[in-house]
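Asks: This is the structure I want to talk about, given as structure tokens.
The values are calculated or read from the model by the stated rules, or taken from the named source; none is laboratory data. Everything numeric here is computed off the predicted structure, so don't read it as measured data. FYI the Cβ positions are ideal-geometry reconstructions off the backbone, even for glycines, and counts take in every protein chain you see.
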Amino acid sequence: MRMSTTILATVLCLTGLASAQAQQAVTKSNSVTATATVQAIDKTARLVTLKNEQGEEDTFAVSPETMPRFNELKVGDKVRMTYYESLVFQLLKPGAKSDGASYEAALNRAKSARPAGTLATQEKMTVTVKAVDMAVPSITVTTENGRVITRKIEDKKNLEGVKPGDKIEITYTQSLLTAVESAK
């Protein structure tokens with residue numbers, strides 16, 4: 001439920017809804033890469049303290065499921081993380097069937113000299129346009145479970161050709177790529 005709320009809030013705030021006349025799908029994506037240095041390790045409690053590039057430190061609990069090679073970490077190692085997210089909006093043609101709501105998650109541990117892996121999730125949902133207000137501009141949609149949500153739209157032209165009753169399929173993908181690099 002929280003993921004669905006996150007998707008809808010993000011989607012409807014950033015939305016680039018496809019104009020019926022212009023295009024049938026819109027993709028928005030973003031990625032951020034950061035590096036942190038291992039400051040301390042508590043192998044018994046499976047805690048690692050990382051210091052980011054701005055000098056901020058935080059301690060994280062690491063489960064055996066997400067990082068079975070935890071004991072290979074050393075103070076001074078660099079942890080490089082890349083977070084990627086994308087949103088794909090697909091305006092469905094009248095009468096077209098959606099694939100329905102779905103949620104998938106995957107964890108992949110790399111077979112490398114140092115610990116590394118990827119965690120990815122993808123959620124799909126279809127919303128029905130309830131109202132379009134070109135004056136604001138805003139859109140009101142109804143989710144598959146009956147929730148009604150209204151959000152302002154960044155660019156009025158993205159609402160051109162979108163009308164009540166249209167269905168919009170939203171695919172939200174997130175991934176986190178993590179790799180440990182030896183201390184130099």
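Asks: Going through the range 70-100 one residue at a time, which ones are out of contact with any Leu (no Cβ under 8 Å at 6 or more places or on another chain) and surrounded by 15 or more Cβ atoms within 10 Å (Cβ to Cβ)?
Replies: Phe70, Leu73, Asp77, Lys78, Glu85, Ser86, Val88, Gln90, Leu92
Asks: Does Ala120 count as surrounded by 15 or more Cβ atoms within 10 Å (Cβ to Cβ), of a type in the set (A, V, I, L, M) and at pLDDT 95 or above? I'd like the intermediate steps shown before the answer.
Replies: On the way: surrounded by 15 or more Cβ atoms within 10 Å (Cβ to Cβ): yes; of a type in the set (A, V, I, L, M): yes; at pLDDT 95 or above: yes.
In short, yes.
Asks: From Pro68, Pro94, grab the single residue that is touching an Asp or Glu at 6+ places or on another chain (Cβ under 9 Å) and assigned to a loop (DSSP other than H, G, I, E, B).
Replies: Values: Pro68 fails: touching an Asp or Glu at 6+ places or on another chain (Cβ under 9 Å).
Selected residue: Pro94, the only one of Pro68, Pro94 that is touching an Asp or Glu at 6+ places or on another chain (Cβ under 9 Å) and assigned to a loop (DSSP other than H, G, I, E, B).
Asks: Any residue at all in the range 42-58 that's modelled with pLDDT under 90 and either in a loop (DSSP other than H, G, I, E, B) or not hydroxyl-bearing (Ser, Thr, Tyr) (or both)? Please lay out each step first, then the result.
Replies: Step one: of the range 42-58, the residues modelled with pLDDT under 90 are none.
No - not one qualifying residue is present in the range 42-58.
Asks: Check the range 157-173 and report whether any residue there is within 30 Å of Thr37 (Cα to Cα) and out of contact with any helix residue (DSSP H, G or I) (no Cβ under 7 Å at 6 or more places or on another chain).
Replies: yes
Asks: For the structure I just gave you, tell me whether Val88 is closer than 20 Å to Lys28 by Cα and either in a strand (DSSP E or B) or under 25 Å from the mean Cα position of the chain (by Cα) (or both). Give the steps one after another, and end with the answer.
Replies: On the way: closer than 20 Å to Lys28 by Cα: yes; either in a strand (DSSP E or B) or under 25 Å from the mean Cα position of the chain (by Cα) (or both): yes.
In short, yes.
Asks: While we're here: How many of the residues in the range 72-84 are in a strand (DSSP E or B) and out of contact with any Lys or Arg (no Cβ under 9 Å at 6 or more places or on another chain)? Explain how you work it out, then say what you get.
Replies: To start, the set of residues in the range 72-84 that are in a strand (DSSP E or B) comprises 78-84.
Then keep just the ones that are out of contact with any Lys or Arg (no Cβ under 9 Å at 6 or more places or on another chain); that gives 79-84.
Total satisfying the criteria: 6.
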